Amino acid sequence: MRRKILINLIVAFIFFPIIMIAIKYGDNIVKGDYQYQDELYPNLKEYILGLLYRLVYPIISVFFLLFVLIPFQIIKDYIRNKNRVISIFGKALIFFGIVLCFFIIVGSFTNIWLSPWWENYVYLLAATVLSVVFTPILYFMIDKYVEGKPN
């Protein structure tokens, strides 16, 4: 149980912001172009701190933990307690569904439905990328060790 809690906290507060920054601003980091909109940062550390500030760092990680990682862990534990085995592909589909539901709920408040339907495909792509990235991380850091133990 401690392993699940610790790994989920590490994923939410370390891996999630790093991956979000790498997806959106990775090309700037590789090129050494530390500019965000009209601000030019002198070094990589200040650039990443500025990006974390714009990601609303601790709040977005708490939301990711509460609304994605914890429900994902609860669903996996429920399936495991029913003595059913779920493949990593099935876990990725569950993660994809949770992220997609989160986008739909948040989109209801942020009015993403006002934009044309073809512009909302980016959310499907984002949910796919998040599930493809985080499911193996969680599998190798939690599930591989927990599933080997009896209930």
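How far is helix 70-81 tilted off the main Cα axis of the chain, in degrees rounded to 10, range 0 to 90?
Rounded to the nearest ten degrees, it is 20.
For region 1-137, just run the numbers: alpha carbon Rg, then divide by 2.2 N^0.38 Å, N being how many residues it has.
Cα-based Rg divided by the globular estimate yields 1.19.
Using packing as a proxy for protection, rank 70-80, 118-128 so that the peptide with the highest average count of other Cβ atoms within 10 Å comes first.
Ranked from most to least packed, the peptides come out as 70-80, 118-128.
Once Lys and Arg get +1 and Asp and Glu get -1 on their Cβ, which of Ala127, Phe102, Gln73 lies farthest toward the positive end of the dipole of the chain?
Gln73
How many nm separate the modelled label positions at Phe67 and Leu114, each set 7 Å beyond the Cα in the direction of the Cβ?
Taking the two extended label points, one gets 1.9 nm.
Could you list which residues have their amide H under 5 Å from that of Tyr36, counting only those 5 or more apart in sequence or on another chain, with H placed in the peptide plane?
Counting only residues 5 or more places away or on other chains, the set is Tyr41.
Pairs of lysines 8 or more apart, or on different chains, with alpha carbons under 14 Å: count those in the chain, would you?
Here the count comes out as 6.
Once every DSSP H run of n ≥ 4 in the chain is given -39500 (n - 2.57) and the sum is divided by its residues, what mean residue ellipticity at 222 nm do you get, rounded to the nearest 500 deg cm²/dmol?
That comes out to -20500 deg cm²/dmol.
To the nearest 20 debye, what charge dipole does the chain have about its Cα centre, counting +1 at the Cβ of each Lys and Arg and -1 at the Cβ of each Asp and Glu?
920 debye
The numbers here are math on the coordinates, done by the rules we state, and not lab data. Because the structure is predicted, anything quoted here is derived from the model rather than measured. Cβ coordinates were reconstructed from backbone atoms using ideal geometry, including for glycine residues, and neighbour counts include every protein chain displayed.
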